[in-house]
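Worksheet for the structure shown next.
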There are 2 protein chains.
Amino acid sequence: MSQRQQHEQHFNTIATRARAIMEQENLDAIVASTCENFYYLSGHPSTFMYTLRMSEVALAVMFRDPSRKTVIIMNDFEAAGVSSELTHCELRTYPTWVDVDDPLGLRGGKYEGKRPMAHQAVEMFGVLQATLAEFGVEKGRIGLEIDAMRFAAVQALRQVLQHAELLEANGIFNALRVIKTPWEIDQLRKACAYAEAGITHAIQGIREGSTAEDIVHAFRLGLMGQVMGSVPRFHMISVGAEFAPAHIFDTRPAVQGDVIKFDVGIDVNGYGSDIARTFVLGAPSDEVKRIYGALRAGHDNLLERIGPDMPMQQAFHEAMSVIRSSGLPNYNRGHLGHSAGLSLAAEEAPFIGPSEGTLFRPGMVVCLETPYYGYGIGAIMIEDMVLITENGCERLNTLSRDLISL
Amino acid sequence: MSQRQQHEQHFNTIATRARAIMEQENLDAIVASTCENFYYLSGHPSTFMYTLRMSEVALAVMFRDPSRKTVIIMNDFEAAGVSSELTHCELRTYPTWVDVDDPLGLRGGKYEGKRPMAHQAVEMFGVLQATLAEFGVEKGRIGLEIDAMRFAAVQALRQVLQHAELLEANGIFNALRVIKTPWEIDQLRKACAYAEAGITHAIQGIREGSTAEDIVHAFRLGLMGQVMGSVPRFHMISVGAEFAPAHIFDTRPAVQGDVIKFDVGIDVNGYGSDIARTFVLGAPSDEVKRIYGALRAGHDNLLERIGPDMPMQQAFHEAMSVIRSSGLPNYNRGHLGHSAGLSLAAEEAPFIGPSEGTLFRPGMVVCLETPYYGYGIGAIMIEDMVLITENGCERLNTLSRDLISL
């Protein structure tokens with residue numbers, strides 16, 4: 001199957017699953033307004049959302065009625081970039097502050113109305129209202145991402161959609177996203193490979209005196225040398241005892257015995273890896289060996305044990321017990337892994353945590369992690385991204401899980 | 001004055017201004033919960049907010065009482081990275097899913113309580129409630145970023161802060177941020193210089209067949225070669241007729257006569273430039289020359305005319321009229337510029353728009369822009385970042401405003 005066909009199949013699969021949920025929940029439509037879910041339903045990565053970090057500036061509306069295409073509601077400037085390959089969608093626009101001219105008459109002339117100074121949520125929701133009315137569901141049951149919307153947007157929404165019954169759709173999007181399509185798994189395999197290529201490049205240059213800033217720089221250059229256009233989502237790289245996540249990287253020079261932790265993620269077509277490895281400059285201290293050994297034992301337990309039909313909470317409790325009995329009796333943690341893929345925050349539900357009843361199922365892609373952060377020690381961490389298979393799980397990344405001396 | 005002293009002065013200036021507004025509005029405290037405003041009050045760039053894009057995961061609370069330090073409320077994992085140089089703040093923490101160990105007893109032992117599976121806004125707001133109570137203002141008037149908060153966070157907030165009077169603080173933060181301190185102006189000067197260095201590097205490699213993806217790659221490499229650790233916030237680079245903002249860059253090869261537009265911004269210590277220039281491969285068409293000439297005339301008008309005490313709407317109407325009478329009679333646009341600095345969306349209020357009564361004042365840093373997007377033509381744009389001075393304005397960037405053939 002070609003990439004293009006696989007991508008079309010991906011959208012068909014999502015639509016079939018979403019409509020089954022809509023039947024079950026008696027919903028007439030679901031509406032995506034966050035960056036990730038807008039992309040998930042439409043296939044269009046909005047620059048206003050991804051790059052400029054705006055929320056509720058575009059909507060993707062999927063109807064229970066399978067004869068309806070998914071409607072993208074977007075400002076007319078961004079809409080000009082929506083690919084004609086997204087044949088499962090149709091576009092409706094609203095005016096924003098950016099004008100688009102048509103001097104050659106290619107689109108039947110330009111919009112001559114007044115342009116607002118900035119984004120107007122009310123105008124966008126007005127197009128939603130008109131679309132629901134046109135399709136006969138303006139008084140229907142509509143699932144929206146209400147909890148995730150900014151408060152002002154919810155007020156604008158309620159002002160415009162006065163007759164519909166508005167329901168929270170967060171659980172529906174989570175349920176849809178947790179099982180990956182073959183196209184999604186392909187993107188995540190690449191994202192893992194690129195992350196590991198970045199790590200492999202960066203560790204070659206590490207020596208006494210290297211700083212977190214140096215290593216981040218080498219990681220980014222290594223990545224750019226490997227593959228055009230791929231971007232890191234995050235590179236939480238720590239050297240020595242300074243384990244806290246940093247936005248501006250540390251310039252303290254590495255000394256012998258320092259642990260060096262990579263917790264990194266690369267974006268490929270909107271899907272992000274999230275993997276971690278720890279190295280040590282020279283020989284590790286006994287303390288570091290003890291901690292690493294305990295984490296590794298717990299991590300190996302996760303890799304060996306998880307598979308279809310095991311509840312996530314069981315995986316959590318088993319691995320926590322292994323770590324605690326392997327040298328870290330006070331090890332504590334809210335979860336030992338999470339679903340992943342679209343979320344720009346790297347982690348998404350469900351979590352491998354103490355009260356998560358969700359069962360592992362084939363097609364899930366989850367990150368397994370056993371992180372340790374200690375004052376005076378630093379960050380020590382192993383994280384793998386795995387695909388749940390019919391029999392167990394398959395690692396999507398390949399680097400050794402040993403503590404390697406540089 | 002040293003950088004460190006200038007930075008301390010910056011926080012003193014903000015606090016003085018903020019307390020004057022709090023007096024005036026009879027507020028007891030203001031609370032920042034968005035990425036930019038949390039950084040603005042605290043000086044700490046939160047990785048959870050900047051990189052992982054979470055909202056309402058940390059709070060910065062400034063009190064009207066000048067004897068109180070600004071209180072940072074943050075999870076204990078991120079809090080470990082707050083610089084001791086931020087002497088205007090004190091830290092309070094709440095537990096999150098990440099455990100932090102203290103095997104050497106450096107901090108008096110580790111937290112042994114239960115860790116949640118994911119972020120709990122209620123716990124964070126609980127620390128806010130306790131802090132307000134301790135300072136005697138739990139029944140006071142508190143300014144918060146309510147409109148910008150996610151709906152679920154507002155619900156958690158109201159559940160916890162039942163006795164305080166909660167008011168919208170968006171206008172207060174805008175009023176504070178619009179006048180820059182000398183330290184902020186320094187960061188923006190650097191951010192402009194780095195953006196121009198990236199453009200200068202990238203244009204050297206442009207030839208027939210170059211794609212937007214190639215040029216973005218060269219821009220990023222050029223930037224990384226110039227300066228360690230600086231990161232692009234955005235690089236909206238377009239080639240030929242494909243003007244729409246793209247998250248995944250275009251791979252169509254440039255041909256003679258194509259316009260090539262850079263609209264880019266670089267981050268320096270949380271402050272972002274936003275500048276644009278347009279080039280042409282070979283000779284420009286008459287149509288492109290006509291459009292460029294009109295935009296240039298309007299842009300020059302803005303640069304010449306704006307200065308202290310002119311209302312922003314006046315600058316807008318004058319420049320629009322120049323553009324319309326210089327060859328683009330149907331030119332339309334919601335604004336011709338905006339304040340800038342912290343906003344990750346590049347543009348922030350006030351806008352140089354048709355109904356904006358705000359006066360230009362010394363110390364403002366604003367972007368002046370005259371963008372044009374046309375089907376079959378592409379993007380043509382000039383954007384400068386300027387500092388309003390006592391007499392007019394000073395450009396923070398230096399590249400020629402001519403349409404240059406490559």
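The values are calculated or read from the model by the stated rules, or taken from the named source; none is laboratory data. Remember, it's a predicted structure, so these values are computed and weren't measured experimentally. For neighbour counting, all protein chains shown are included, and Cβ atoms are generated from backbone atoms with ideal geometry for every residue, glycine included.
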| task | For residue B:72, work out the one condition from (1) modelled with pLDDT of 95 or more; (2) surrounded by fewer than 16 Cβ atoms within 10 Å (Cβ to Cβ); (3) within 21 Å of residue A:248 (Cβ to Cβ) it doesn't fulfil. | result | (2)
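So that you can scan it fast, the table gives a plain yes or no per residue for (1) farther than 24 Å from residue B:49 by Cβ; (2) under 20 Å from the mean Cα position of the chain (by Cα):
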| site | (1), (2) |
| --- | --- |
| A:200 | yes, no |
| A:206 | yes, no |
| A:216 | no, no |
| A:220 | no, yes |
| A:231 | no, yes |
| A:236 | no, yes |
| A:249 | no, no |
| A:260 | yes, no |
| task | Check residue A:352 against each of (1) within 24 Å of residue A:175 (Cβ to Cβ); (2) of a type in the set (A, V, I, L, M); (3) over 19 Å from the mean Cα position of the chain (by Cα); (4) surrounded by 18 or more Cβ atoms within 10 Å (Cβ to Cβ) and name the one condition it does not meet. | result | (3)
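May I ask you to say which residue of A:65, A:102, A:28 is free of Cβ contacts under 8 Å to residues at least 12 places away in the same chain, in the same structural domain as residue A:139 (by TED's automatic domain parsing) and out of contact with any Pro (no Cβ under 9 Å at 6 or more places or on another chain)?
Numbers: A:65 fails: free of Cβ contacts under 8 Å to residues at least 12 places away in the same chain; A:28 fails: free of Cβ contacts under 8 Å to residues at least 12 places away in the same chain.
Of the residues listed, the single one that is free of Cβ contacts under 8 Å to residues at least 12 places away in the same chain, in the same structural domain as residue A:139 (by TED's automatic domain parsing) and out of contact with any Pro (no Cβ under 9 Å at 6 or more places or on another chain) is A:102.
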| Are there any pairs, at least 6 apart or on different chains, whose C-beta atoms fall under 7 Å, with the first in the range B:312-327 and closer than 19 Å to residue B:356 by Cα and the second of a type in the set (D, E, K, R), and if so, which? | B:312/B:356; B:313/B:356; B:315/B:305; B:318/B:305
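Within the range A:270-323, can you find the residues that are under 30 Å from residue A:45 (Cβ atoms) and basic (Lys, Arg)? Walk me through it before giving the result.
Of all residues in the range A:270-323, those under 30 Å from residue A:45 (Cβ atoms) come to A:270-277, A:312.
Selection gives A:277 alone.
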| task | Sort out for me the strands (runs of 3 or more DSSP E) sitting completely within the range B:227-286 that have 3 or more residues that are facing chain A (nearest Cβ under 10 Å) and within 20 Å of residue A:80 (Cβ to Cβ). | result | B:231-239
| Condition broken by residue B:87, with the remaining ones in (1) in contact (Cβ under 8 Å) with a residue 12 or more places away in the chain; (2) surrounded by 20 or more Cβ atoms within 10 Å (Cβ to Cβ) satisfied | (2)
| task | Among the residues of the range A:200-226, count how many are among the β-branched types (Val, Ile, Thr) and either free of Cβ contacts under 8 Å to residues at least 12 places away in the same chain or within 9 Å of another protein chain (Cβ to nearest Cβ) (or both). | result | 1
| Any idea which of (1) under 27 Å from the mean Cα position of the chain (by Cα); (2) on the phi < 0 side of the Ramachandran plot is the one residue B:98 doesn't satisfy? | (1)
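Within the range B:38-59, which residues are within 17 Å of residue B:8 (Cα to Cα) and touching a helix residue (DSSP H, G or I) at 6+ places or on another chain (Cβ under 6 Å)? Write out each step before concluding.
Looking only at the range B:38-59, we keep the residues that are within 17 Å of residue B:8 (Cα to Cα), and these are B:38-45.
Within the range B:38-59, just B:45 meets the criteria.
Test residue A:70 against the criterion of being in contact with a Cys (Cβ under 7 Å, 6 or more places away or on another chain), touching a residue at least 24 places away in the same chain (Cβ under 8 Å) and in the same structural domain as residue A:165 (by TED's automatic domain parsing), and give yes or no. Working first, answer last.
On the way: in contact with a Cys (Cβ under 7 Å, 6 or more places away or on another chain): yes; touching a residue at least 24 places away in the same chain (Cβ under 8 Å): yes; in the same structural domain as residue A:165 (by TED's automatic domain parsing): yes.
Spelling it out, residue A:70 is indeed in contact with a Cys (Cβ under 7 Å, 6 or more places away or on another chain), touching a residue at least 24 places away in the same chain (Cβ under 8 Å) and in the same structural domain as residue A:165 (by TED's automatic domain parsing).
Quick check, is residue A:338 of a type outside the set (A, V, I, L, M), over 20 Å from residue A:259 (Cβ atoms), buried (at least 22 other Cβ atoms within 10 Å of the Cβ) and without any contact (Cβ under 8 Å) to a residue 40 or more places away in the chain? So that I can check it myself, show each step before the final result.
On the way: of a type outside the set (A, V, I, L, M): yes; over 20 Å from residue A:259 (Cβ atoms): yes; buried (at least 22 other Cβ atoms within 10 Å of the Cβ): yes; without any contact (Cβ under 8 Å) to a residue 40 or more places away in the chain: yes.
Spelling it out, residue A:338 is indeed of a type outside the set (A, V, I, L, M), over 20 Å from residue A:259 (Cβ atoms), buried (at least 22 other Cβ atoms within 10 Å of the Cβ) and without any contact (Cβ under 8 Å) to a residue 40 or more places away in the chain.
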| the range B:150-185, residues that are under 22 Å from residue B:270 (Cβ atoms), more than 12 Å from chain A (Cβ to nearest Cβ) and free of Cβ contacts under 8 Å to residues at least 40 places away in the same chain | B:171
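Hey, among the residues in the range B:367-402 that are within 14 Å of chain A (Cβ to nearest Cβ) and among the hydrophobic types (A, V, I, L, M, F, W, C), which one's surrounded by the fewest Cβ atoms within 10 Å (Cβ to Cβ)? Before you say what the answer is, go through the steps one by one.
First pass over the range B:367-402, keeping only residues within 14 Å of chain A (Cβ to nearest Cβ): B:367, B:369-381, B:383.
Now narrow it down to the ones that are among the hydrophobic types (A, V, I, L, M, F, W, C): B:367, B:377, B:379-381.
Details: B:367: 25, B:377: 21, B:379: 25, B:380: 27, B:381: 24.
So, considering only residues that are within 14 Å of chain A (Cβ to nearest Cβ) and among the hydrophobic types (A, V, I, L, M, F, W, C), the one surrounded by the fewest Cβ atoms within 10 Å (Cβ to Cβ) is B:377.
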| request: Scan A:146, A:142 and give me the residue that is touching a strand residue (DSSP E or B) at 6+ places or on another chain (Cβ under 8 Å), assigned by TED's automatic domain parsing to the domain that holds residue A:74, in contact (Cβ under 8 Å) with a residue 40 or more places away in the chain and among the β-branched types (Val, Ile, Thr). | output: A:142
| request: Give the number of residues within the range B:105-119 that are in contact (Cβ under 8 Å) with a residue 12 or more places away in the chain and in contact with a strand residue (DSSP E or B) (Cβ under 8 Å, 6 or more places away or on another chain). | output: 3
| When you go through (1) touching a Ser or Thr at 6+ places or on another chain (Cβ under 9 Å); (2) within 14 Å of chain A (Cβ to nearest Cβ); (3) among the aliphatic types (A, V, I, L, M) one by one for residue B:193, which number turns out not to apply? | (2)
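Restricting attention to the range A:44-66, does a residue exist that is small (Gly, Ala, Ser) and over 23 Å from residue A:184 (Cα atoms)?
Filtering the range A:44-66 down to residues small (Gly, Ala, Ser) leaves A:46, A:55, A:58, A:60.
Going one step further and asking which of them are over 23 Å from residue A:184 (Cα atoms), we end up with A:55.
Checking the range A:44-66: at least one residue is small (Gly, Ala, Ser) and over 23 Å from residue A:184 (Cα atoms).
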